[in-house]
Amino acid sequence: MNAYFPVINDTISKRHKKMLDYDSARSKVRKLQDKPSEDTAKLPAAQKEFEDAKEVYEFMNEQLIAELPQLLDLRVPFFDPSFEAMIRIQCKFAEEGYEKMGGVQRYFQESIRNDYASGQLDAQVEAVLEEIKELTICATQGS
């Protein structure tokens, strides 16, 4: 899921940061309650910061808890039809290619048709492609 939904990962990371802020604010309030400061305005400010951090964290946490299962449940109805469509188009491509090749084969010489049927033509094509790749105009050298 990490690679497919970077927005989800960002949200989870953001929630983690908000959790750290929440923990920090809670710790700050606890310290001020255990050892009161001479400045009486510090505790209410820390409590306000704590409440704000808690509210933001809980909102994000509840949102993720509610929406992640929905996302996981919806992936099957989304991916299954997409995968099926991809398989169907691959089959159609192969079918049409086979039909076109069958139509073109009748123009080949008998020896070429036999080479194609036995797989020797594929080896010849691969050998020619390798020769082409070795040409300096086709070479993929860092220049």
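The values are calculated or read from the model by the stated rules, or taken from the named source; none is laboratory data. In this text the structure is predicted, and so the values were computed from the model without any measurement. Neighbour counts run over all protein chains shown; Cβ positions are idealised from the backbone, glycine included. SASA here: full protein model, heavy atoms, side chains in, ligands and nucleic acids out. Shrake-Rupley method; radii C 1.70, N 1.55, O 1.52, S 1.80 Å.
Observations, loosely collected:
- The largest accessible area among THR11, THR40 belongs to the first residue in THR40, THR11, and the rest follow in falling order (1.4 Å probe, all chains).
- Cα centroid of segment 2-28 to Cα centroid of segment 52-92, whole Å: 19 Å
- Selected from LEU64, LEU129, LEU43 as most flexible by GNM, with the chain as the system and alpha-carbon contacts under 10 Å: LEU129
- Sites matching chymotrypsin sites (Phe, Trp or Tyr not before Pro) across segment 66-115 that sit in DSSP coil, with at most 14 neighbouring C-beta atoms within 10 Å: TYR107, PHE108
- Percent carbon-and-sulfur accessible area, segment 1-87, ignoring ligands, DNA and RNA, probe 1.4 Å: 58 percent
- Take 51-63, 109-121 and order them by the average number of nearby Cβ atoms within 10 Å per residue, most first; the result is 51-63, 109-121.
- Under a Gaussian network description of the chain, with springs only between Cα atoms under 10 Å, the residue in PRO36, PRO69, PRO77 that fluctuates furthest is PRO36.
- Accessible area per residue in Å² at 1.4 Å probe, computed on the chain: 84 Å²
- Relative contact order (%) - criterion: Cα under 8 Å, at least six apart; region: segment 1-61: 40 percent
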